[in-house]
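The values are calculated or read from the model by the stated rules, or taken from the named source; none is laboratory data. Note that the structure is a prediction, hence the values are computed from the model and not measured. FYI the Cβ positions are ideal-geometry reconstructions off the backbone, even for glycines, and counts take in every protein chain you see. Areas reflect the complete protein model, heavy atoms only, side chains present, ligands, DNA and RNA absent. Shrake-Rupley method; radii C 1.70, N 1.55, O 1.52, S 1.80 Å.
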Amino acid sequence: MSDPKIIEPDQTKDSQPPSSVIERFGLRPSRRIEDPIEREREYRKTLRRLLISALILVTTTLLLVVIPLYPTPVIILFAILAAVIGFRIPIAGFLIGTLISAPAYAYQAGIPLWWLFVYIFFIGAFAARSVSEPRNVISPLMGLFAGALGLTPLYFVAIPLMLMVALLEERRKLFDHLGMVFMFIMIFIPFHGVAFSENLVLTLGDQINSMRPQQIYDAMNALPLPLFTHISYTPNPPLTSLDIPTLQATFSSVFGASEFFHPYLFLIIDRLIILYVPILLALSFSFISVIDRFWPWLVERGIDVSKVLKYSYAPTLLVGTFLFLGALQATSSTLRYYTSLNPIGTETVALSGGIAFLAITVSAGSFGSAMVIASLRLKRREEIAFLSSGLISKGRQLADRIAAFFTSLKLIERSSPGIDLSTENASANKYQEQVRITLGGIDTMSYKTLQERTTSLSQINQEQERIASSTYHRLYQYQVDKVVKYQHIVSTITRFGVEGLPNVNSTNLSDLAEMGPEESLKSQNELNSQFLKVAEITIEHAVRLIEAIRKDFDKKLDPTAIDVARNFLAQSGGEKALDAIVTSITSLSDRYLSDSRKIASSVRKLIQRMLEIYNSHILPLNESLGREASVSKTGQVAIQLSNHVQQLEKPKGIIYLPDIMLKLEYLEIGTRAILGELLTLLRDFEKLNDSRVSEEFNWGKNTQLVGDIDSSLRFLDDQDANEIAERIDNIEYVIKTIEGAASTLKKYITMNEFILNYPNMEPLIISKLHKSGHVSARELPVRPRYASQYLKLFAINRYGEVVFDSKYSKIQKRKK
């Protein structure tokens, strides 16, 4: 089973350096960006910067061409410079492009100086507004571009173009369109004034030279004003050179000849044109945003316009354009102006009304279609980015799950030997390879391919989850079997006599079904640990059992089962170790359990008999001698035997055989120790009694007992009895000997007391003997048999003075 690796899409591509000039200059998002969504965001940022740069290039070029001042090479140089700088710094490019056009604007429009300052002020204000958001330069740039289009035959494009920009703005606030409105007005008013003045001169002819200013103004007021038509005027000649004297002469004459307030301004103020045009533009920009929101509003109310919504830019732009044109035409008679839709007189450069309307409609439709195409393309790119990102994310998650599944399989194989996981390993390897193939070349996939790969990945995920679920179910069944087996083994070992084994909780079997994979593995590891622990305990007991059997029953018993179990235990195979050792113990139990119980019963009976002898004979002897039972060897043995007899009361399993044999051995040693201590006491009392009386006095000494006991102890120590029956018989013999020795010792102690009391009896006997000349046993204040012995001992000690009559148990003075 190979180790899984995290699958990274297109690692070879992302690790390569950018290979094209476009990538080096940052016009395309770097393929080093792994997230397709982030890459798409970077692409759109780059595209926006590119569009702003292109807009700066086109606007600057158009302004400097239709408002001529500079030579053509200078125009190209300025436009490219502004565009290149605008790509990196949009505000700087905007300022360069617009401020370069300011001299040409003042030169050709004949505006007063204050108007130029207003123009520059607006440029600076909108540039400052673009500091935090560079995209804000688009609106004023489009206003300048649309105003400059009015000086070309493509003037009919200006209105649809501005409406398109207003439609594209995401925020769609009125203030966002003011830059476009004001900058459009800054071009619109001055050059309409220039064109209107030239038209007035042509209309009045030479008589204008003899007319007073009021007459000229009345003549101007009598004429309708041209609005939104092709602005045709005769430009001043451009500069032939850029030397200082030429520039000084040109601009000094321009500002010197210009009036502070042109009559045309009075005229458009009187007719409210100066307010009407910006208000109409601003309302149109806002209204087209309302139209664009109309389609989603219908969808929210359950009206199926999904097909229209997909291509809504085209109808929205057309409707917005028609509304603007309708409003423009509706107020033309009231405000006395004319447009390209209703031209008056002869205009050499103007289209007829029908053609102009058609041209505006076609341009609006074209812009709307372009927006639809661009929107669908960007939307498709966005969908591809989200699909790619989702595919990568799901692929990595699936790869992680497969890696985790690999790890789980290893852990299951380690913790649950016997489960065949070869099919699961092969399936996991197959899924890993399928995921790798699915994520390969993801950056070059089409939308359809991404959908197919996503579906394929979902199928792989479902199949992997099915295999994983099946594996964990097999683990559950395995655990149930092992728990049942563990309980059975523990029950068997407990019957053998092993106590204190850890058991599985009764609720574990029901809980296993509700456990997750990690909990199941943890539970199985805990069960394996319990198998190991029980195996260690059982092996220790088995070793003691086999050693006891080899020592006391069968020296040829083969301990191979212990070695096999220990080998399994060293390999963490607790279950196999238990199987081996339980089989061996079961066999030993069948052979030796009956003998074990018989031996336990015999040992128990012997101990009870020994304790009876101790309580009835030895303990009183210790008390009479003033000895504490716990201090003497005999007392210590008796205390230990009392514990043993309690432990032998309940029937035990085969594991208890070593303890039984130890108790048997202790009983052997203890009884011999007791007998040895009794033998010592017998010898001591024999010597003591012999030293206090004459050799002729028989005080009850057993002359053969000490020798027989001593011979018996040497015989028991020398023999090597392996047969249990012989050992038990020997213990019985020792116990009988102990009983006899204790009884004899009791007599020895009694005679010792008798001898010790003789000095007290001797004066009494002498006194009675002097009075009556004889003393019978009845006359002494002791038991008759002891009185007779006192008289006998007195006769032996006073040999020649008195005579002992054994028939009547009396003494009398010997006759001289």
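On the given criteria, is Leu64 closer than 30 Å to Leu265 by Cα and touching a residue at least 12 places away in the same chain (Cβ under 8 Å)?
yes
Considering only the stretch 287-388, give the helices (runs of 4 or more DSSP H) lying wholly within it that have at least 3 residues that are surrounded by fewer than 19 Cβ atoms within 10 Å (Cβ to Cβ), at pLDDT 80 or above and not hydrophobic (A, V, I, L, M, F, W, C).
Here the list reads 313-330.
Here is a check on your reading of the model: is Asn199 modelled with pLDDT under 85 and either outside any helix (DSSP H, G or I) or under 24 Å from Pro112 (Cβ atoms) (or both)?
Spelling it out, Asn199 is indeed modelled with pLDDT under 85 and either outside any helix (DSSP H, G or I) or under 24 Å from Pro112 (Cβ atoms) (or both).
Among the candidates Ile724, Ile728, Ile735, single out the residue that is surrounded by 14 or more Cβ atoms within 10 Å (Cβ to Cβ), touching an Asp or Glu at 6+ places or on another chain (Cβ under 9 Å) and at pLDDT 80 or above.
Result of the check over Ile724, Ile728, Ile735: Ile724.
What's the total number of residues in the stretch 736-762 that are within 14 Å of Leu793 (Cβ to Cβ) and of a type in the set (Phe, Trp, Tyr)?
2
Restricting attention to the stretch 389-426, and to residues there that are open to solvent by 20 Å² or more (accessible area, probe 1.4 Å) and not in a helix (DSSP H, G or I), which single residue is farthest from Gln571 (Cα to Cα)?
Here the residue is Asp420.
Could you list, in sequence order, all residues of the stretch 688-698 that are in contact (Cβ under 8 Å) with a residue 60 or more places away in the chain and not in a helix (DSSP H, G or I)?
Matches in the stretch 688-698: Val693, Ser694, Glu696, Phe697.
As an exercise: evaluate Phe754 against (1) within 25 Å of Asp690 (Cα to Cα); (2) open to solvent by 60 Å² or more (accessible area, probe 1.4 Å); (3) of a type in the set (Phe, Trp, Tyr) and give the number of the one condition it does not meet.
(2)
Looking at this structure, is Val372 out of contact with any Lys or Arg (no Cβ under 9 Å at 6 or more places or on another chain) and at negative phi?
Criteria not met by Val372.
In the stretch 438-454, is there at least one residue being open to solvent by less than 60 Å² (accessible area, probe 1.4 Å), over 21 Å from Glu34 (Cα atoms) and in a helix (DSSP H, G or I)?
Looking for residues that are open to solvent by less than 60 Å² (accessible area, probe 1.4 Å), over 21 Å from Glu34 (Cα atoms) and in a helix (DSSP H, G or I), one finds none in the stretch 438-454, hence no.
Here is a yes/no grid of residues against (1) open to solvent by 50 Å² or more (accessible area, probe 1.4 Å); (2) touching a helix residue (DSSP H, G or I) at 6+ places or on another chain (Cβ under 8 Å):
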{"residue": "Thr538", "(1), (2)": "no, yes"}
{"residue": "Thr560", "(1), (2)": "yes, no"}
{"residue": "Asp563", "(1), (2)": "yes, no"}
{"residue": "Asp595", "(1), (2)": "yes, yes"}
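Out of the residues in the stretch 20-47 that are open to solvent by less than 80 Å² (accessible area, probe 1.4 Å) and among the hydrophobic types (A, V, I, L, M, F, W, C), which is modelled with the lowest pLDDT?
By that ranking, first place goes to Leu27.
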